[in-house]
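The structure appears below as structure tokens.
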Amino acid sequence: MNSQSQSGCVSGGRERRSSGQSSSTSSAGFFGRLLPGVMKLKMTDAPGEMGRPVVIPESQKQLMKEKFKINQFNLMASDIISPNRSLSDIRMDACKRKSYPVDALPNTSIVIVFHNEAWSTLIRTIWSVINRSPWKLLEEIILVDDASERDFLGTKLEDYVASLPVQVHVERMGERSGLIRARLKGAARAKGKVITFLDAHCECTDGWLEPLMYEIYKDRKSVVCPIIDVISDESFEYITGSDMTWGGFNWKLNFRWYPVPQREVERRGGDRSLPLRTPTMAGGLFAIEREYFYEIGSYDPGMDIWGGENLEMSFRAFIRQTMVI
């Protein structure tokens, strides 16, 4: 079946200013394998661990407000949190019981575009991918810098990612080009069977990747999106999102979330762990087979800013009778 859908067993988080291992691979991630149990226990008590909110002392509130202006989120809270913080496994039991043929699934190139992103959020995004993904499925992580002006996103970033346990490449746009052209540059660099686009300020949760790859394994023309949870821009608390909304748009072509209609609930037989077919996608986070991305025309390189590419990609998929899930 050719379809676009929101995968029912995938969850990831990101800041409100706008997402591991499955039971079949059962791993605690890179740091989980590396650190002894007593140290991991202590880490869960650190600020922000298990997705808990960070509380800034009253004496630092004014500085917090000043730093908020830099990236439009609580930078002070973000900088306090570990780059590989733990998160609760918020999946439904039915999702946790699923297993996937990891050895048969396609691998993926993760493409992340950033412009003047905060160091802590960008690095935490990268580590969440590394810690909660089967490395067999990770071909590479591609960071595309859209002409950032902050020194720490230059050589310091390149030196940092060079030491990571998976391949991470940094691509640079010669001039400010916008999200779409930067994503196209990342896609052109990608070697994986699948391209997975992520925002630069998200945190992947347990079991996030296998269901995305599985839907494409079943049908190469599927365009697959995770459930998007929320990371509070004030406290960086991880807040579980709803799995009973789907993407749509109004007559002004503004993307909106709408309740899942009864017909889709009935099509899934009431099983919320099954993929949800959605008319359009939010666009920040999705996976698509690399060759098929170009078969449907990829992105329009004439787009200067973000905000319409999600509908464009959804319409391209619809025209080709492809499913967004």
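Data for the structure
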quantity	calculated
From the options Ser177, Ser133, residue that is assigned to a loop (DSSP other than H, G, I, E, B), over 17 Å from Asn116 (Cβ atoms) and among the polar types (S, T, N, Q)	Ser133
Per-region count, the range 180-189, residues open to solvent by 20 Å² or more (accessible area, probe 1.4 Å) and closer than 26 Å to Glu210 by Cα	4
Residues within the range 274-294 that are in a loop (DSSP other than H, G, I, E, B) and either on the phi < 0 side of the Ramachandran plot or touching a Ser or Thr at 6+ places or on another chain (Cβ under 6 Å) (or both), tallied	8
Of residues in the range 190-232 being among the aliphatic types (A, V, I, L, M) and open to solvent by 20 Å² or more (accessible area, probe 1.4 Å), the one modelled with the lowest pLDDT	Ile228
Residue in the range 289-307 that is in contact with a strand residue (DSSP E or B) (Cβ under 6 Å, 6 or more places away or on another chain), surrounded by fewer than 20 Cβ atoms within 10 Å (Cβ to Cβ), modelled with pLDDT of 85 or more and over 22 Å from Cys204 (Cβ atoms) present	no
Any pair with Cβ under 9 angstrom, 6 or more apart, that starts in the range 268-282 at a residue that is surrounded by fewer than 18 Cβ atoms within 10 Å (Cβ to Cβ) and ends at one that is assigned to a loop (DSSP other than H, G, I, E, B) and among the acidic types (Asp, Glu)	Arg272/Asp243
Residues satisfying the stated conditions in the range 257-267, i.e. in contact with a Ser or Thr (Cβ under 9 Å, 6 or more places away or on another chain) and surrounded by fewer than 17 Cβ atoms within 10 Å (Cβ to Cβ)	Trp257, Tyr258, Pro259, Glu264
The range 137-160, residues that are under 16 Å from Ala190 (Cα atoms) and either acidic (Asp, Glu) or open to solvent by 10 Å² or more (accessible area, probe 1.4 Å) (or both)	Leu138, Glu139, Glu140, Asp145
When residues of the range 180-202 are limited to those that are of a type in the set (D, E, K, R) and not in a loop (DSSP other than H, G, I, E, B), the one farthest from Glu312 (Cα to Cα)	Arg189
Any hit, the range 308-318, residues being touching a helix residue (DSSP H, G or I) at 6+ places or on another chain (Cβ under 8 Å) and either at pLDDT 90 or above or more than 22 Å from Leu105 (Cα to Cα) (or both)	yes
Residue satisfying all of: in the range 73-103; open to solvent by 30 Å² or more (accessible area, probe 1.4 Å), assigned to a loop (DSSP other than H, G, I, E, B) and aliphatic (A, V, I, L, M); farthest from Asp45 (Cα to Cα) among these	Met92
Any hit, the range 62-70, residues being modelled with pLDDT of 95 or more and closer than 18 Å to Cys202 by Cβ	no
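The values are calculated or read from the model by the stated rules, or taken from the named source; none is laboratory data. Computed from a predicted model, the values in this text were never measured in an experiment. Using ideal geometry, Cβ is built from the backbone for each residue, glycine included, and neighbour counts are taken over all protein chains shown. Note: accessible area is taken over every heavy atom of the protein model, side chains too, but ligands, DNA and RNA are not part of it. Shrake-Rupley method; radii C 1.70, N 1.55, O 1.52, S 1.80 Å.
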